[in-house]
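Report on one structure; see the data block that follows.
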Amino acid sequence: MNNVILFDDDRRDHLLPLTYTRPMGELRLGILSIREKWEKWLNASVSYITQDYLSEKYPINISDNNYVISGSVLPSNQLCRLIKQLENNEALLQDGELIAARLNAAQFEHLINNEEIEELEGFDLEDTNFDRILHLSELFRLNANAIASDFELLTKGRTSQAISKTNTVLGNPDHIFLEEGAEVECAILNPNGGYIFFGKDSKVLEGCMIRGSVALCNNAVLKMGAKIYGATTLGPYCKVGGEVNNCVLTGYSNKGHEGYLGNSVLGEWCNLGADTNNSNLKNNYDEVRLWNYVTERFTPTGLQFCGLIMGDHSKCGINTMFNTGTVVGVSANIFGAGFPRNFIPSFTWGGPQGMTTYKLNKVFETCERVMMRREIPLTEVDQKILEKVAELSQKYRRWEKKIEQEPSTR
């Protein structure tokens, strides 16, 4: 088995808040996470070079022979063939930027200790086709291609479970695949020229309408009457109802009731209250601008359709209305009438009527309750990560600074 090490670079900061709590390789699009794609494409064990505060949860594993690959890169036939052909101390570059390299253990130790190593011999990837995740919106924008690639990878040479006769199938049934334990009854299934994938023990309740490409990962659930448009991915254990269009839910997140979610990405352990809606198109049809943590301002996306980006452990109350191009940080709890701001910092408690800080002890209490429903503990390592994220994101909670500057009264 090959040893692959995915590294985070400066691109990681453009993918906040999702990368506050994970390396880039743990991002999901298509059916698999980026890490899972590389594991299957290269028959590899994968570890990470990531932020110091994430390294305890996502440690590095160095062997005598290491393939070092950018965590922003998605595998392709061309790229994987070139990576396999690399000799020791050779690298693949795109516009002078490192995409992949092969290093032995001694060279790698020099690298991570910031010591001088023998210069890599680089080869340019000018004519090689592969995708990279460089901006948040690319997680949903590239999702159709990612579903198609993962579908081919996961189903090659395999036979799907039979599709129940209670379902109505439109289009090519060969583009629909049910893993072991998947339950799909009384649904309308239309791959629409793409693919529909039902992971192990996933469940589709009666009356759902699914128009591809769509992927339900293991144990994901579609509630009765849900309307799902491609390209949409529901990660492991997600529960979804209402109307969803071109979204990625990373895992363990819920949108269990009516309401619309479009051109959006949710992290893990998020929950949208009943009848929550987001806008994905401005009233004047203008280009959507999205908060960028690097520039610390709203920057153009080049997109007419762009909805909600929400970091891990964030929640919103019933009837929440999100504006076009809204970014919500980690562990925010949003509620109240009206439209919240387009950028909501991590550890925010409140909404349009005012915001305060969601205290860490209360955050931990909620996280523990939510995660134990899936029999997953909130570990001390998880708590340390959230503490660090609270520290890193403090500058965006400007009301804290205002409170500190207010004169004391007797």
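The values are calculated or read from the model by the stated rules, or taken from the named source; none is laboratory data. From a predicted model like this one, the values you see are computed outputs, not experimental measurements. Please note: Cβ atoms are built from the backbone with ideal geometry, for glycine as well, and neighbour counts cover all protein chains shown.
For segment 283-306, does any single residue satisfy the condition of being in the same structural domain as Asp382 (by TED's automatic domain parsing), in contact (Cβ under 8 Å) with a residue 60 or more places away in the chain, within 20 Å of the chain's Cα centre (by Cα) and crowded, with 24+ Cβ neighbours inside 10 Å? Yes - at least one qualifying residue is present in segment 283-306.
Residue-by-condition table, conditions (1) within 17 Å of Gly273 (Cβ to Cβ); (2) in contact (Cβ under 8 Å) with a residue 24 or more places away in the chain:
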{"residue": "Gly317", "(1), (2)": "yes, yes"}
{"residue": "Phe322", "(1), (2)": "yes, yes"}
{"residue": "Ile334", "(1), (2)": "yes, no"}
{"residue": "Phe339", "(1), (2)": "yes, no"}
{"residue": "Tyr358", "(1), (2)": "yes, yes"}
{"residue": "Cys367", "(1), (2)": "no, yes"}
{"residue": "Gln394", "(1), (2)": "no, no"}
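Taking Gly122 as the residue in question, decide whether it is more than 30 Å from Asn88 (Cα to Cα) and among the small types (Gly, Ala, Ser). No: the conditions fail for Gly122. Within segment 1-37, the set of residues being crowded, with 19+ Cβ neighbours inside 10 Å, more than 19 Å from Lys388 (Cα to Cα) and hydrophobic (A, V, I, L, M, F, W, C) comprises Val4, Ile5, Leu6, Phe7, Leu27, Leu29, Ile31, Leu32, Ile34.
Looking only at residues of segment 273-308 that are β-branched (Val, Ile, Thr) and in a loop (DSSP other than H, G, I, E, B), we find that the one that is nearest to Asn319 (Cα to Cα) is Thr276. Checking the conditions here, which among Gly212, Gly193 is at pLDDT below 95, buried (at least 21 other Cβ atoms within 10 Å of the Cβ) and within 25 Å of the chain's Cα centre (by Cα)? It is Gly212. Does segment 1-19 hold any residues that are of a type outside the set (A, V, I, L, M) and more than 19 Å from Ala101 (Cβ to Cβ), and which are they? Across segment 1-19, the qualifying residues are Asp13, His14, Pro17, Thr19. Count of segment 236-282 residues, restricted to those that are touching a Lys or Arg at 6+ places or on another chain (Cβ under 9 Å), buried (at least 23 other Cβ atoms within 10 Å of the Cβ) and hydroxyl-bearing (Ser, Thr, Tyr), is 4. For segment 197-209, the set of residues classified as over 20 Å from the mean Cα position of the chain (by Cα) and either at pLDDT below 95 or surrounded by 20 or more Cβ atoms within 10 Å (Cβ to Cβ) (or both) consists of Val204, Cys208, listed by residue number.
Of the strands (runs of 3 or more DSSP E) lying entirely inside segment 223-272, the ones with 2 or more residues being touching a helix residue (DSSP H, G or I) at 6+ places or on another chain (Cβ under 9 Å), within 16 Å of Phe197 (Cα to Cα) and in contact (Cβ under 8 Å) with a residue 12 or more places away in the chain are found at 232-234, 248-251.
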